[in-house]
Structures are given as structure tokens and as C-alpha cells.
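Below is one structure, written out as C-alpha cells; the observations come after it.
The values are calculated or read from the model by the stated rules, or taken from the named source; none is laboratory data. Treat the numbers as computed from the prediction; the structure is a model and nothing was measured. Here the Cβ is made from the backbone with ideal geometry for all residues, glycine too, and neighbour counts use every protein chain on show.
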């Protein structure tokens, strides 16, 4: 989470990890030539699921009626040798039960991806997409309740680290220091991906060290946060905006100024409002969030500038479905902060320390359940997922922590829930 003013230290660490592991590019490892079709599929031979330790009624198969009332949470290990998705059954009361795991058939990098959106559910919750940053691929799963079935793995560029979905389009953020950018795919009716030709676009800065790619709610824009300062460009701290043209291909990027230092992640509140978490280079108690109005052509106007939460290293952010509240995970403080949106469209701090998980907990990815009744938080330092009930007025009630399956203090990244 801490940064530099040139190349991000974590990006270099990730590169060293991948080289040390002797990672072979996926196009070679899958026996694909450079001219092979981008939608080549790795077939599913068997459902590769490892059961959890739990036994008894809580670990039994749930009925379809129960599935409709409940849901699931999915977390990614991001380990170098055998990346996996950990599966959790979510009860109707928000409680989690770890039921097993499934291989992505790709490789992680073993260190924190330092991004938002590395694991994504389709809007209808039928499919799950996961990045394999160590083997340059995306894995596709079908979803039934908390059960996953491997469907496909596709090459996704050098170091895929963040995903966003709108309609039948998926875009991946490529974080390679050799050429960071975004790359598009078409989503078939069965959830599988086919590369969208001529969709790759470089970011506006070669040293952007990007944090997230995100579609606007209407699908007309793609936004990418840049975590590093580039003094040779204007503005120095920026968010890239791409206009999505007919056919799903993006324009060249335009740099929009960031109100705060090190914009890490973002979430749209409405079609024309987006809130951005600002880590301020992990300076103590300096983290903030800013709210922008986004025009139809992608111009960003600051509505609330760097609203401080008095915490350290705010990196991940989510917005409730009713558009009333936002929550940030603060890596350096071990906390969650809550914000509220005013009727006039401004951002205000509600509680800088809405939840405290411990100084060594290393809170990273956040995910909300359907209708935002429950908030889930990946604790990298504990190899666990914490659960909270979201009150009517945005207060958090801690419910419990589910441990097991995830590496402890070793790079777990990516969380999705419904």
C-alpha cells in the first residue's frame, strides 16, 4: 500500500516474484501460438473442489429455495503455485460458512495485488471472473449458490489485476510496467470470454501503477485510477477516462485531475457521480475520499474534495445499493471508515473508525451482499473474511470472522459477494 514517486515497489516485487517462480507465459504454457484465437478454452475435466474442514449441518448442500434467500462470498488466495478461489456460503442472516475451494488453473503472484476488482461476479451472479496475475490469464466459473464450476481460462495480457463488467463486455486492467493498459472481451451467453480485437489501449502514463478499472453504470465510460505521481504530465495526479464507442472499443485516454494524492480505487454512486478512495502515499492519518460529478463525455468535476477520515492508507471503497453510504478499508490503520452522501450530492465523513480489526489485520478488499445488508472484508494479515451487518443509518455491527483456506499475511487479494 505504501508508494514511491516512480515505479510502485509492489509492482517491482510482483515482477521479481514472477521471475523467481519461473512463470512461463500462458500462450506457451497452454500450447497456444502467437496467432492462436484469443478465446481458446481450457476444458473442464472435473469439478475441482476441495471441501472445507467444517462438518455437520452447516456444511451440507443447500436447497435452491435457500439459495434464493441467501448468497455467497468468494475470496482469492493469489498464491504463486496454485491459485484458488475460497467459497463461502452466506446464510440469510449474513453468517458465513467456508465450504471449500476450487483451482483457477492459473497462478497468482504471492504478494498483494494492490488493486480493486481482481475478482468479479456478473451482475446476474451466474458467473465469476478471476485474474491470475502470475500466469497472465482470467479464469471463468459458473456459479450456483456458493458452488463454482470451472469453465474457461483465457490469456489476458501481462499482469492482469482488475476487472469490470457491463452488459456483454468485460475489461481487464493490465498492470505490466512494460506497458500498462486496458483490454476488452465479449461475454457469451454461457459466460465465456472472447477477446475483443483492437480493444487494447495504453494508459496515459507509462508509470501509472494503476489501481482499478471501472465501467460507468451506463457503460459509456471506463475509468482507471493511477496510484503514482507523474511530474512530467499534467495533471500530475490523475484518473484516466476512456469513452466507450459503438462496438465496445474505447477511445484514447484523457487525464482528469485527481483531487487527492494516490487515487487508489473508485465506485460509482449514480450514473454521474463517482467516489474515489485516496491513500495519500500511506501518510499517517492522511487518507481521504473525493466525490466527482462525471459528464457524459467524461469530464470530472469535484463535488467534495479529499474528505479526510483521519486513518492511514485508505485503498478500497464500496457504495451501498441505496446510494446513501460508502465504506473504505484502511490498510495501515486496520479500520473501516464510513461516509454518507447528503441530499445535495456532497460527501461527508460519518465515522472514521466505524470498525477496528487490529493493527496487524491488513484489511484489503471490500464486498457488499445483495441489497447491501451485509459488508464483507478480506483480512490479508489473518487469512480471513470479516462480516458486518449494515444498519439502516449506515452503522456497522460486527458479526464474526471466518478463517481458513486463505494464506496468512501472504498476498490474498480479491473478494466478491452477493
Got a sec? Which of 145, 191 is at positive phi and in contact with a helix residue (DSSP H, G or I) (Cβ under 8 Å, 6 or more places away or on another chain)?
145
Filtering strands (runs of 3 or more DSSP E) wholly in the range 223-291 for at least 3 residues that are touching a strand residue (DSSP E or B) at 6+ places or on another chain (Cβ under 7 Å) and crowded, with 17+ Cβ neighbours inside 10 Å gives 238-243, 263-270, 273-278
Would you confirm whether any residue within the range 194-204 is within 30 Å of residue 285 (Cα to Cα) and in contact (Cβ under 8 Å) with a residue 60 or more places away in the chain?
no
Over the range 195-205, the set of residues surrounded by fewer than 16 Cβ atoms within 10 Å (Cβ to Cβ) and on the phi < 0 side of the Ramachandran plot is 197, 202
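Residues are listed down the side, and each one gets a yes or a no for (1) without any contact (Cβ under 8 Å) to a residue 40 or more places away in the chain; (2) under 25 Å from residue 90 (Cβ atoms); (3) buried (at least 21 other Cβ atoms within 10 Å of the Cβ); (4) out of contact with any strand residue (DSSP E or B) (no Cβ under 7 Å at 6 or more places or on another chain):
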{"site": "294", "(1), (2), (3), (4)": "no, no, yes, no"}
{"site": "305", "(1), (2), (3), (4)": "no, no, no, no"}
{"site": "314", "(1), (2), (3), (4)": "no, no, yes, no"}
{"site": "328", "(1), (2), (3), (4)": "no, yes, yes, no"}
{"site": "346", "(1), (2), (3), (4)": "no, no, no, no"}
{"site": "365", "(1), (2), (3), (4)": "no, yes, yes, no"}
{"site": "373", "(1), (2), (3), (4)": "no, yes, no, no"}
{"site": "383", "(1), (2), (3), (4)": "yes, yes, no, no"}
{"site": "387", "(1), (2), (3), (4)": "no, yes, yes, no"}
Please go through (1) closer than 20 Å to residue 258 by Cβ; (2) buried (at least 16 other Cβ atoms within 10 Å of the Cβ) for residue 351 and return the number of the only condition it doesn't satisfy.
(1)
Residue set 110, 94; condition in a loop (DSSP other than H, G, I, E, B), in contact with a helix residue (DSSP H, G or I) (Cβ under 8 Å, 6 or more places away or on another chain), in contact (Cβ under 8 Å) with a residue 12 or more places away in the chain and under 24 Å from residue 330 (Cβ atoms); output residue 110
Based on this model, can you work out whether residue 405 counts as surrounded by 20 or more Cβ atoms within 10 Å (Cβ to Cβ), at positive phi, touching a residue at least 24 places away in the same chain (Cβ under 8 Å) and part of a loop (DSSP other than H, G, I, E, B)?
yes
Residue 321 being touching a residue at least 40 places away in the same chain (Cβ under 8 Å) and surrounded by fewer than 21 Cβ atoms within 10 Å (Cβ to Cβ)
yes
Regarding the range 179-190, can at least one residue be identified that is part of a loop (DSSP other than H, G, I, E, B), at pLDDT below 95 and surrounded by fewer than 24 Cβ atoms within 10 Å (Cβ to Cβ)?
yes
